[in-house]
Amino acid sequence: MFVEEVMRRKVITVRPDQTVLEALQLAKVNRIRHLPVTRDNNNKLVGIVSDRDLRDVSPSVLLEQQHSAVLQSTKVEEIMKREVITVHPLDYLDDAARLMYKHRIGCLPVVRRDRLVGIITDTDLLRTLIELIGSTDTGSTLEIKVPERYGSLAEITEIIKKHKISIASCFIRPDKSPQHRLIVMRLKTIDPTQIIAKIQKAGYQVLRPFAGEDEHHE
Amino acid sequence: MSDNPKFIYSPDLLIYNFGPQHPFNPLRLKLTIDMINDFKLLAPENLLEPQAAGEQDILLVHDRHYVEAVKRAGEKGEASEEDVQYYELGTEDNPVFVNMHAAALLLVGGTLTGAKQILSGKADHVLNVAGGLHHAQRAKASGFCIYNDLAVAITHLRHQGMRVAYIDIDAHHGDGVQWLFYDDSEVLTISFHETGKFLFPGTGTIYERGSRNGFGYSVNVPLEPFTEDDSFIEVFETVVPEVLAKFQPDIIVSQHGCDGHEYDPLAHLSVTTRTYGYVAKRLHDLSHKYCSGRWLATGGGGYDFWRVVPRVWTALWAEILGRKLAGDVPGSWLARYREVAPKSLPEQMEDPEDLFLPKPRRVEISEKNRLTAEKVMNWQFLMKGDPQQASLAK
């Protein structure tokens, strides 16, 4: 998945010569936490201000005056960060996520040929995560523990194919044991009981929907 | 106790049959009607034959192209690639059978007949155990359901000016009915079900609350796997009486799927006959409290049709009649089915308290369910007409 598939193209920006008060109001009205700073004429990224930067220079709310003069006299360029970590639209999403995680930052401006073309934030990453693992297609979800060797997924999907049941979503994630993987798949059926029985017969552990809570009385 | 309640039945309802290997087996109905008859609970004046629904009735909620596809597939008894692809007909869940369209029309007609009886004032309570196909969607078969009898009946009631409270206790989320009335503030849907994290259909989170005009009028209470009677009853009591008091329905439509039973092979809830008896009793009371007795009840899921379904639905019909049942399953019924049943049949109508060992995580599960119900109720002030909502809107 590329950054350009997830990034937002409409970016709210400020100019370096705008006041801190204007920047604060922009962030508040649009309910955003990051404002890339660009020059009007060429959309070139010259810096970034976060809500934290803005708050750092704001007077305490405990003080009485409403808009202190300093907010109107200070320019964005005086407080903005000039060293901005950016990504390219064709960077991989996981690399972008790693950057944000490693540097503990909440957003990455997306820059192509020196121009700001988009922005990607932690919110976008969360949305993507929900789309990936929170499939909303009607169906039943299975969690299957398989040994780390070739052919497990093929064997399982072959069983499902014989029942002519579609797979709405599927992902593989690491297990606690390094010799195993967890396959999580959503099947478009109300009755996965026969498929579960066959997967178990093939030697795989179906962790959910049973999780070994107890046995049904027969 | 009640004025001439009606039980909808005709042997023709057994034609809705997906084949011997399919869990939605017509034996579910046959075993139930036999048990009811063996209890002598069905006087001629209580029996009402279903009138098949007309195509115009079905089209109140279903897409014309989908209905055509059901007809075509039912003529040949086979589904085309498009049917599988677009309409989920001819899948393992929803196999095609000859005369499927007509069979589904009769089933829908059963519930619709019930709605019309109540509207005309000829009966206050009606039960259609063959109904309750809550998964069927506008243009798609889903989870054994071809046409949505509940939605057709509710739409009819709605057109006659009724405010409808729909209550669904099937182990699976009542998604078809919910989505068909998602924007509608005159139809309240409440569904109790096993969480969709793993179980079909996957929806029914507390965050699904209706949209536009219907915002606040969809209520979902997803329950943890292995939820037992006490916890189920507790969350039911937390939610239903208060929400109904605010909504002030004209009629209750209820779906009594009993696949949340400990024995059921498809879902993982762990309730017993106690929950089903309790819910039936409460809905009966509430129908008199708010709706002058107007109450249309249907069956639904339930796939342990030997040990669970006949007892639960027979007890439901007895509740509707206001009759107290003897504790024993009729000897004649047991004699007829003991030999052919693949499992040993219970001999008491109510499950014993020690049907199974307490679930290891009982305390945790109950706590989680309680929190879920509390969250749901925290939002209920968003229903229209509530003073809190009015002040919020200012």
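Distance from the Cα centroid of segment A:22-59 to that of segment B:84-120 is 58 Å (rounded to whole angstrom). From helices alone, chain B scores -12000 deg cm²/dmol at 222 nm; the rule is -39500 (n - 2.57) for each run of n ≥ 4 DSSP H residues, then divide by the residue total.
Out of A:VAL87, B:MET162, B:GLN380, whose Cα points farthest toward the positive end of the dipole of the protein assembly as shown (charges: +1 Lys, Arg; -1 Asp, Glu; placed on Cβ)? Result: A:VAL87, furthest along the dipole toward the positive end.
What distance in nm separates the simple spin-label points at A:ILE12 and B:GLN56, each placed 7 Å from Cα in the Cβ direction? A separation of 5.4 nm, rounded to one decimal place. Stokes-Einstein D for segment A:61-164 at 4 °C, 1.567 mPa s, Kirkwood Rh over Cα pairs, in µm²/s? Rounded, D is 68 µm²/s. Between A and B, roughly 2400 Å² of accessible area is buried in total, ligands, DNA and RNA not counted and the probe set to 1.4 Å. Sorting the Cα pairs of segment B:329-373 by distance into bins of 5 Å, from 0 upward, gives 4, 17, 15, 14, 12, 10, 10, 11, 6, 0 percent per bin. Here chain B is described by how far its Cα atoms reach on the three principal axes: 64, 51, 43 Å, from widest to narrowest. With point charges of +1 on the Cβ of Lys and Arg and -1 on the Cβ of Asp and Glu, referenced to the Cα centre of the protein assembly as shown, which listed residue (B:PRO346, B:LEU296, B:VAL243) lies farthest in the positive direction of the dipole? Projecting each Cα onto the dipole axis, the largest value belongs to B:VAL243. Loop sites here are GluC sites (Glu not before Pro) outside DSSP states H, G, I, E and B with no more than 10 other Cβ atoms within 10 Å. The longest part of chain B free of them is B:1-338. Once backbone amide H atoms are built at 1.01 Å from N, B:ILE167 has B:ILE190, B:VAL253, B:SER254, B:GLN255 as its partners under 5 Å, excluding neighbours fewer than 5 places away on the same chain.
Dipole magnitude for segment A:3-129: about 200 debye, using +1 per Lys or Arg Cβ and -1 per Asp or Glu Cβ, origin at the Cα centre.
Taking a temperature of 4 °C and a viscosity of 1.567 mPa s, what whole-number D in µm²/s does Stokes-Einstein yield for segment A:134-208 with Rh from Kirkwood over alpha carbon pairs?
Details: Rh = 12.4 Å.
Estimated via Stokes-Einstein, D reaches 104 µm²/s.
Placing +1 on each Lys and Arg Cβ and -1 on each Asp and Glu Cβ, with no other charges, gives chain B a dipole about its Cα centre of roughly 780 debye. Between A:VAL46, A:VAL29, A:SER177, the Cα set farthest toward the positive side of the dipole of chain A (charges on each charged residue's Cβ, about the Cα centre) is that of A:VAL46.
Can you give the convex hull volume of the alpha carbon atoms of segment B:117-176 per residue, in Å³? Let's see the in-between values first.
Details: hull volume 5.8 nm³, N = 60.
So the per-residue hull volume is 97 Å³.
Normalising the Debye intensity of the protein assembly as shown to I(0), with uniform scatterers on Cα atoms only, and taking log10 at q = 0.08 Å⁻¹ returns -0.67.
Could you give the DSSP H helices of chain B that reach 27 angstrom or more along their long axis (alpha carbon positions) and whose average Kyte-Doolittle hydropathy is no lower than 0.0? Mind showing how you got there, number by number?
Details: long enough: B:100-120 (30 Å, 1.09).
Result, helices passing both filters: B:100-120.
For the Cα trace of segment A:3-129, dividing Rg by the Kirkwood Rh returns an Rg/Rh value of 1.00. Ligands, DNA and RNA aside, B:TYR16 has an accessible area near 10 Å² when probed at 1.4 Å. Expressed as a whole percent, the accessible area of segment A:59-139 that falls on carbon and sulfur atoms is 53 (1.4 Å probe). About its Cα centre, the protein assembly as shown has a charge dipole of approximately 1660 debye under the convention of +1 per Lys or Arg Cβ and -1 per Asp or Glu Cβ, with nothing else charged.
The values are calculated or read from the model by the stated rules, or taken from the named source; none is laboratory data. Fair warning: this is a prediction, and the values are worked out from it, not measured in the lab. Cβ coordinates were reconstructed from backbone atoms using ideal geometry, including for glycine residues, and neighbour counts include every protein chain displayed. With ligands, DNA and RNA removed, areas are computed over all heavy atoms of the protein, side chains included. Shrake-Rupley method; radii C 1.70, N 1.55, O 1.52, S 1.80 Å.
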